[in-house]
Amino acid sequence: MIEVRDLTKSFARHTAVRGIDFNVARGEIVGFLGPNGAGKTTTLRMLTGYLPPTSGSARVAGFDIFRQSLEARRCIGYMPENVPLYDDMRVREYLKYRASLKGLSHRDGRRRVNEVIDICGLDWARRKMIKVLSKGYRQRVGLADALVHEPQLLILDEPTNGLDPNQIRQIRDLIRRLSEKHTILLSTHILHEVEMTCGRVIIIDGGVIKAQDTPQNLVAGMRAAGRIHAEISGDPEVIAPALQRLDHVKRVTPEPQADGWVHYEVLVDSGVDARERIHELISQYGWPLRSLHRKDATLEDVFVELTRKD
């Protein structure tokens, strides 16, 4: 569905995207991740025809985004981070207008507007003025707009931006349902949502793709140090140095708690489970122990490892 080859975008002296390559297969949900300024939005704007590339190429549904821009854009439903809506129009009126701009006939436009209102859960709001809608329902109107011309590909830039946890869950469920008929490229900072929604992840930083794989494979192949958490009662000025002297321990961070216990985060070498040695040390000195567990790596850990600057 998407084929990107050596895609580059420069602005004066700044290169925002540096020769990236990736594919998105038909029917996939792919998370497109990166810190602020990484080149995510620039890449999405090139794919959707808002920005021309400086060099390289990209194809959407077989159409070149530069030489066949109109054909490519007909295959794309784009929802930008800040959805531009006409506040003084009613929801149904706005969607009919957008359908006409996208080339739908009056009959097809009326049919599709009714369909996307149903898909996006906007039936109660079809005659409401857009300006009276909550942030969550404004996002739904933006998604309905992206869907109205029946695109093969949905590109969603921060679709849950500014939503509360309940609204985020509703949009997540909606995206899952949409994936039955659409290929989806999803950009978001909410990594937990990516783990629950996306079958594959692309991580970009500094305009360069750092990794692309399934969330499970990225977590399994993570090079970062493991983390062990312990709650111990006693003097941290004694306990922390003793833990630090253990083999394979990289760093010990004590955090005193309000109830008098101390929480320790123990960073250890990758692939090492030091819990048994930590427990032996605690038993040797007779320090009271309330909990001892290893923190499983998450997509957030992978993201931090690949994009941190230190």
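The values are calculated or read from the model by the stated rules, or taken from the named source; none is laboratory data. This structure is a prediction, so every number in the text was calculated from the model and none was measured. Please note: Cβ atoms are built from the backbone with ideal geometry, for glycine as well, and neighbour counts cover all protein chains shown.
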Can you find, within the range 26-63, the residue that is nearest to ILE203 (Cα to Cα) among those that are touching a residue at least 24 places away in the same chain (Cβ under 8 Å) and in a helix (DSSP H, G or I)? LYS40
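Kindly check whether there is at least one residue in the range 75-85 that is closer than 27 Å to THR42 by Cα, in the same structural domain as LYS131 (by TED's automatic domain parsing), of a type in the set (A, V, I, L, M) and in a helix (DSSP H, G or I).
no
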Quick check, is SER283 outside any strand (DSSP E or B) and within 36 Å of the chain's Cα centre (by Cα)? no
Based on this model, can you work out whether PHE66 counts as surrounded by fewer than 17 Cβ atoms within 10 Å (Cβ to Cβ), over 19 Å from GLY206 (Cβ atoms) and more than 23 Å from the chain's Cα centre (by Cα)? yes
Looking only at the range 76-110, which residues are under 27 Å from SER187 (Cα atoms), aliphatic (A, V, I, L, M) and buried (at least 17 other Cβ atoms within 10 Å of the Cβ)? ILE76, MET79, VAL83, LEU85, VAL91, LEU95, ALA99
Let me confirm something: among GLY221, GLY199, GLY206, GLY226, which residue is farther than 30 Å from THR42 by Cα and among the small types (Gly, Ala, Ser)? GLY226
Answer yes or no as to whether GLY109 is outside any strand (DSSP E or B) and either in the same structural domain as ALA146 (by TED's automatic domain parsing) or not charged (D, E, K, R) (or both). yes
Which listed residue is under 26 Å from LYS40 (Cα atoms) and either at pLDDT 90 or above or small (Gly, Ala, Ser) (or both), from LEU104, LEU143, LEU174: LEU143
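Can you tell me which residue in the range 1-25 is nearest to LEU153 (Cα to Cα), limited to those that are charged (D, E, K, R) and in contact (Cβ under 8 Å) with a residue 40 or more places away in the chain?
So, considering only residues that are charged (D, E, K, R) and in contact (Cβ under 8 Å) with a residue 40 or more places away in the chain, the one nearest to LEU153 (Cα to Cα) is GLU3.
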Report whether or not VAL201 is assigned to a loop (DSSP other than H, G, I, E, B), surrounded by 13 or more Cβ atoms within 10 Å (Cβ to Cβ) and of a type in the set (Val, Ile, Thr). no
Limited to the range 37-63, what total is found for residues that are surrounded by 20 or more Cβ atoms within 10 Å (Cβ to Cβ) and over 24 Å from HIS189 (Cα atoms)? 3
Single unsatisfied condition, ARG73 versus (1) buried (at least 19 other Cβ atoms within 10 Å of the Cβ); (2) in contact (Cβ under 8 Å) with a residue 40 or more places away in the chain: (2)
Selected residue [under 24 Å from PRO35 (Cα atoms) and either in a strand (DSSP E or B) or of a type outside the set (Lys, Arg) (or both)] from PRO159, PRO151: PRO159
Any chance LEU218 is surrounded by 14 or more Cβ atoms within 10 Å (Cβ to Cβ), assigned to a helix (DSSP H, G or I) and either modelled with pLDDT of 95 or more or under 15 Å from the mean Cα position of the chain (by Cα) (or both): yes
